[in-house]
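So the structure is just underneath, and the comments pick up after that.
Please treat every number below as a calculation from the coordinates, not as lab data. Quick caveat, the model's predicted, so the values are computed rather than measured. Neighbour counts run over all protein chains shown; Cβ positions are idealised from the backbone, glycine included.
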Amino acid sequence: MNLNPLSNTLTFKTPSGFDVTIREQNGEDDEIISKMKNSTDGSAVNKFLANIITSHNGTKVTHEGIILWKNKDKYYTLLKSRIFSLGGTITYKHQCVNLECQKESTFEENLNLYDRDFSKPLEESEIDFQYQVTPYVNGEKLEEELTLSSGKKIKYKYLNGESEKQLLAANKDEISKNTELLVRGIQWFHEEKWQLLLNFRSLSSKDMREIRENIKKFDLPFDAVSEVKCPFCQNRDKISLMAQADFFFPLETL
């Protein structure tokens with residue numbers, strides 16, 4: 001990781017292992033960020049990252065290019081930008097989900113716990129923290145191929161901006177455990193060619209379990225989750241820190 005205080009840029013490696021250089025956020029970036037709550041397809045995040053990234057493996061990236069980035073590369077870069085430009089502490093309010101309580105409390109979290117130096121060997125950069133970002137085992141690969149114990153050959157794309165857009169557009173009543181497979185464009189090798197799977201009648205429950213285990217190993221998404229405990233009723237909840245307004249505008253909502 002290389003910090004250049006004179007030009008206010010930061011260079012680091014992503015979970016895929018490629019180099020990214022970002023600049024410090026400015027007021028124009030704030031305007032893009034403020035539109036995120038009205039962005040139903042994730043496009044505001046892509047435009048924001050395309051704005052602050054000055055180099056991706058030595059070249060400039062567009063927001064269309066960011067859409068093709070894998071999940072952890074994209075959101076890890078967002079985390080690095082937040083820590084670099086606004087600091088590593090996030091303070092936010094959360095209303096207890098216990099219907100008998102529903103009291104609001106203020107919580108604080110250290111974002112540096114979620115970070116990792118991917119320029120170092122894994123054993124040297126690892127922190128004993130459950131929600132820390134993890135590397136992509138297969139580097140910059142964009143899809144994964146596997147052979148199930150039943151002999152069926154399967155392949156799927158890593159989760160990226162396109163699949164995220166499909167998830168955001170999906171009817172919430174129609175989302176199921178299989179949606180995460182469909183948005184990855186899952187295919188199977190059948191009749192001597194790769195065919196897109198639109199349903200899973202041809203796969204057994206054991207097949208499905210093996211596919212999900214493979215995804216958990218190779219393509220587990222990154223979400224900076226914080227576990228909180230209500231000080232009034234002791235109810236526990238999990239919070240997505242990147243979904244908090246304070247992640248982008250510290251203290252303005254408190």
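Footprinting exposure proxy ranking of VAL45, VAL61, VAL97, fewest other C-beta atoms within 10 angstrom first, gives VAL97, VAL61, VAL45. Phi angles across the stretch 108-119 convert, under the Karplus curve 6.51 cos²θ - 1.76 cosθ + 1.60 with θ = phi - 60°, into 3J(HN,Hα) values of 10, 9, 8, 5, 5, 5, 8, 7, 7, 8, 7, 7 Hz, Gly and Pro given as x.
Of the listed values (i) 139; (ii) 164; (iii) 178, identify the label whose number matches volume of the Cα convex hull per residue in Å³ calculated from this model. For volume of the Cα convex hull per residue in Å³, the calculated option is (ii). Quick check: from the Cα gyration tensor, does the stretch 143-218 come out rounded (a/c under 1.5), prolate or oblate? It comes out prolate by the Cα gyration axes. Per residue, the chain reaches -7500 deg cm²/dmol at 222 nm when only DSSP H runs of four or more residues are counted, each adding -39500 (n - 2.57).
Using the count of nearby Cβ atoms within 10 Å as a rough guide to exposure, how do TRP69, TRP194 rank from fewest to most?
TRP194, TRP69
Each residue of the stretch 233-242 was assigned a 3J(HN,Hα) from its phi angle through the Karplus expression (A = 6.51, B = -1.76, C = 1.60, θ = phi - 60°), giving 10, 6, 5, 9, 8, 10, 10, 7, 5, 6 Hz with x at Gly and Pro.
For SER55, SER202, SER16, the sequence from fewest to most other C-beta atoms within 10 Å is SER202, SER55, SER16. The long axis of helix 43-52 is offset from the longest Cα principal axis of the chain by roughly 60 degrees.
Look at the dipole of the stretch 78-207 built from charges on Cβ: of GLN132, ALA170, LEU122, the Cα furthest out on the positive end belongs to ALA170. Full extension of the chain between LYS35 and LEU168 gives 46.3 nm of extra length, using 0.36 nm per residue less the Cα-Cα distance.
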